[in-house]
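These notes are about the structure you will find just below.
Read-outs throughout are calculated quantities, based only on the coordinates presented, and are distinct from any laboratory measurement. Keep in mind it's a predicted model, so treat the numbers as computed, not measured. Here the Cβ positions follow ideal geometry from the backbone for every residue, glycine too, while neighbour counts run over all protein chains shown.
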Amino acid sequence: MIRIGFVKARLSGEPPERGPAFAYVCAMIVTPTLIRASLDSYVSDTTFGAYYPFILISALLLSWRSAAAVTICSAILANFLFMEPRYVIFASATDTIGTFFFVLCSLLIVAVGQTLRRAVHELEAARTREAHLNRELQHRVKNTLAVVQGLVVQTFRDIPDANSSVDKLHGRIRALADANEILRDGHWEECRLPALAVKALEPFNARGAITLFGPECSLPEESCVPLVLALHELATNAVKYGALSNAAGSVQLIWETAKGTEDGLKMEWRERGGPPVCEPTRRGLGSKLLRPQLGLSGVALSFEPVGVSCTLCLGGVRELPPAERDRSSLPPVTLYSAAQPAAACQLGLSALGGKRTLEPSAPFQ
């Protein structure tokens, strides 16, 4: 079996040098000649058919000079061995014309193969440059966020009672850095659940009070940063005022692709066991992170006495088939389940805008 990696390396790499190139040329001439000779009694009227595949291989793997040498030598050898009258070179005008057209067609194959080889080489070089630029961009983004954090500390260090606001801003900056890190790992095209949720909530889940449940799926790029910031905001408020502020509280994060709705995903954050909740009278920056925006098609925040609940709706979601799923990177501090637990919760999701009810339960297994 031909390995794709070897073929790609040969197409994007430099042609063999003189010694190996000479061996390749000999192999590309001798192999089709032997094949043609073994089939002589069956295909006596077909002189050059066995040579065309090897001309193409020469065009893709060797330099144009080597491929042209294979073409010329194959034409002479095939004319001498297999064209009637045999063992005479260019015995008649018919032989000469047939050989000429073989050479012409083969040179056309060489030209196309060399063009393809150059295109693959240029694409590989562009991909390498892009990867280098992405790494450099990530490095600069991290440096910029570090500078911003330093500026925040320097700006507010002389202001009394600013520590709480500074800590909140530091947390949001870290969440933004985590979102960019996830995007980098996903090649700036997509991010995935549950990895994104685990990354965002891991700092708040030291005692395992947050449980996650839902299918593994990929999210579009525009949803990654808004979702990370929204989850970070919900978890921060839960630690300060909600279910994560005491030892008895817990949070369940559940998502499900909507049945009957194209590319829709509904995610529900629900707190239980915390102190009684009342709706805040003042709206700050956090409320702006928890509202519909690019990447979040719907946000519904509810301050119920038993705990805060928030429903997030996203579009452009693709549920991953089993072959693409990977949970190896999930930290052990976050429980995760992709299958319906027997007695964990009861979901009633009819469509993306439908109503879901979640009964409080033990943590998912």
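Structure summary
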| read-out | value |
| --- | --- |
| Relative contact order (%) - criterion: Cα under 8 Å, at least six apart; region: the stretch 190-337 | 30 percent |
| K288/I173 FRET efficiency (R0 22 Å; Cβ-Cβ; nearest 0.05) | 0.90 |
| Set K240/K266; K199/K240; K240/K288 screened for pairs whose C-alpha atoms are more than 23 Å apart | K240/K266 |
| Estimated FRET transfer efficiency when R0 is 35 angstrom, pair V152-A119 (beta carbons, to 0.05) | 0.10 |
| H132 versus I72: modelled label distance in nm, points set 7 Å from Cα along the beta carbon direction | 3.8 nm |
| Mean separation of Cα contacts under 8 Å, 6 or more apart, over the residue count of the stretch 4-125: relative contact order % | 32 percent |
| Order of S250, S218, S245 - criterion: other Cβ atoms within 10 Å of each residue's Cβ, fewest first | S245, S218, S250 |
| Extension gain from T46 to T281, taking 0.36 nm per residue of separation minus the Cα-Cα distance | 75.7 nm |
| FRET efficiency for E221 and V112, using Cβ-Cβ distance with R0 set to 45 Å, rounded to 0.05 | 0.80 |
